[in-house]
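The structure appears below as structure tokens.
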Amino acid sequence: MDPREKNAVSVHRLPALRMRPVHRNYGLWIFRYGRGRSPGRPLSWGRENPRKFEFFSISHMTDGKGVFWRPESPAVEIHPGQCVVITPDTVHYYGGLEGEYYTEDTVNFTGELAVMLQKSGVIRDGVYDLGLSHRLLPVIELATEPSDHSQIKANFALQKILMELYDRRTAQMRPDRYPQINELVAQIRENPEKWWSIADMAEYCNMSDDQFRRVFENLFGVLPKLYIDKLRLNKAAELLAETSMSVAEISEMMGYQDPFHFSRRFKSVIGFSPRQYRAVFLKI
């Protein structure tokens, strides 16, 4: 695809520099950092020029007014004191709103430890509160000093911030703080064949659509539609393994009107077509 083509995703590559032994042994490499100020653009520009990184990034907005957008989610405004966390291969855009500036402290990093923190849920894409002081500045200052000792201290300082963001997110998003969502999930589990719109679910939980999406994703790690899809298809997998029902019958039971669409979604989420899944399971 021509990188100049509208809506083409630009890829920000890892640098060609080799990771030093101190970073490889620690599992974390802060390879780029800095402070900057850039003029804002229309949100439409970001949607037409999305990007993704081959690395992890944290951008702490210290002044201005910005926006963060991903294709599967509504745009979210960013205000001073908030930070944007991006994981590798996430298609996104963030920057200043039109007519505003986006002033940031930023750190880019990679490594096996970062990947493990992502897999365990510590690092997750999104916008988080980090406070108005320059929290990334000590990390940047330590990373600037090339000694192994300073590099280790920079990694540890960054790790502490990532854990702090995780602690804040989990404290704010405890399931018991949102009993309506617990009730909704119970309804979904009891009736997996029922089709819910975002508006239906948000109304059930007495939230706006955007608030419901944000809270649900923070609680369960996925957007609500994908959660329902996975729940429904996992139930379908049980039926394929434990009953002699046909694929068409299971498709209808799970609320899919088109067996072809059901089979396509099943393969996308489970990794096998329904018939392949049944054949593999029966061999076990």
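Could you tell me which of rounded, prolate or oblate describes region 120-229, using a ≥ b ≥ c as the square roots of the eigenvalues of the alpha-carbon gyration tensor, with rounded for a/c under 1.5 and, failing that, prolate when a/b is larger than b/c and oblate otherwise?
On the way: a/c = 3.57, a/b = 2.94, b/c = 1.21.
Because a/c hits 1.5 or more and a/b exceeds b/c, region 120-229 counts as prolate.
Please return the longest stretch of the chain lacking exposed loop sites, where GluC sites (Glu not before Pro) count only if DSSP places them in a loop and at most 16 other Cβ atoms lie within 10 Å. Please list the in-between numbers first.
Values: sites that count: 5, 54, 72, 98, 100, 193.
By the stated rule (loop sites, at most 16 other Cβ atoms within 10 Å), 101-192.
Given an 8 Å cut-off on Cα distances and at least 6 residues of separation, report the relative contact order of region 10-172 as a percent.
This gives 27 percent for region 10-172.
What is the fewest-to-most order of 196, 45 by other Cβ atoms lying within 10 Å of their Cβ?
Numbers: 196 16, 45 12.
Ascending Cβ contact count within 10 Å gives the list 45, 196.
Given contacts defined as C-alpha pairs under 8 Å and at least six residues apart, what's the relative contact order of region 176-283, whole-number percent?
Details: 85 pairs, mean separation 23.8, N = 108.
Relative contact order of region 176-283: 22 percent.
Rounded to a whole number of µm²/s, how large is the Stokes-Einstein D of the chain at 20 °C and 1.002 mPa s, given Rh as the Kirkwood radius over C-alpha pairs? Show your work: numbers first, answer last.
Details: Rh = 21.4 Å.
Stokes-Einstein gives a translational diffusion coefficient of 100 µm²/s.
Going by average Cβ neighbours within 10 Å, how do the peptides 9-21, 269-281 rank, with the highest at the top? Working shown, then result.
Values: 9-21: 11.3, 269-281: 15.1.
Taking the mean over residues of other Cβ atoms within 10 Å, the ranking is 269-281, 9-21.
Tell me which lysines have Cα within less than 25 Å of residue 194's Cα, excluding those fewer than 8 residues away on the same chain?
225, 230, 235, 267
Determine the distance separating the Cα centre of region 142-219 from the Cα centre of region 114-129; give it in Å without decimals.
Cα centroid of region 142-219 versus Cα centroid of region 114-129: 10 Å apart.
Say the dipole of region 176-283 comes from +1 at the beta carbon of Lys and Arg and -1 at that of Asp and Glu; which of 196, 266, 211 then lies farthest toward its positive end?
Farthest along the dipole direction, towards plus: 266.
Name the aspartates and glutamates eligible as straight-distance cross-link partners of residue 65: C-alpha to C-alpha under 17 Å, and not fewer than 8 places from it in the same chain.
Excluding near neighbours in sequence, the set is 77, 98, 100, 104, 105, 129.
Spin-label point model (7 Å from Cα, Cβ direction): what's the residue 119 to residue 281 distance in nm?
So the two model labels end up 2.6 nm from each other.
Tell me whether region 85-146 comes out rounded, prolate or oblate; compute the Cα gyration tensor, take square roots of the eigenvalues as a ≥ b ≥ c, and use a/c under 1.5 as the rounded threshold. Spell out each step's value before the answer.
On the way: a/c = 1.90, a/b = 1.17, b/c = 1.63.
Oblate, since a/c reaches 1.5 and b/c is not below a/b.
When only C-alpha pairs under 8 Å and at least 6 residues apart count, what is the relative contact order of the chain, in percent? Walk me through the intermediate numbers first.
Numbers: 443 pairs, mean separation 40.2, N = 284.
Reported relative contact order: 14 percent.
Expressed in nm², what is the orientationally averaged projection area of the convex hull enclosing the Cα positions of region 176-283?
On the way: hull surface 28.3 nm².
The orientation-averaged projected area of the Cα hull of region 176-283 comes to 7.1 nm².
Working from Cα positions, state the angle (0 to 90°, nearest 10) between the long axis of helix 259-270 and the longest principal axis of the chain.
Here the helix axis deviates by roughly 40 degrees.
Which semi-axes, in whole Å and largest first, does the equivalent ellipsoid of region 10-172 have when worked out from the alpha carbon gyration tensor as the square roots of 5 times its eigenvalues?
On the way: eigenvalues 128, 55, 51 Å².
With the √(5λ) rule applied to region 10-172, the semi-axes are 25, 17, 16 Å.
Using 0.36 nm per residue, how much length does the chain from residue 206 to residue 51 gain when fully extended, once their Cα-Cα distance is taken away?
So the chain would gain 52.4 nm between residue 206 and residue 51.
Coordinate-derived values only; no laboratory data. What you see is a predicted model, and the numbers here were worked out from it, not measured in a lab. All Cβ positions, even for glycine, are placed from backbone atoms using ideal geometry, and neighbour counts span all protein chains on display.
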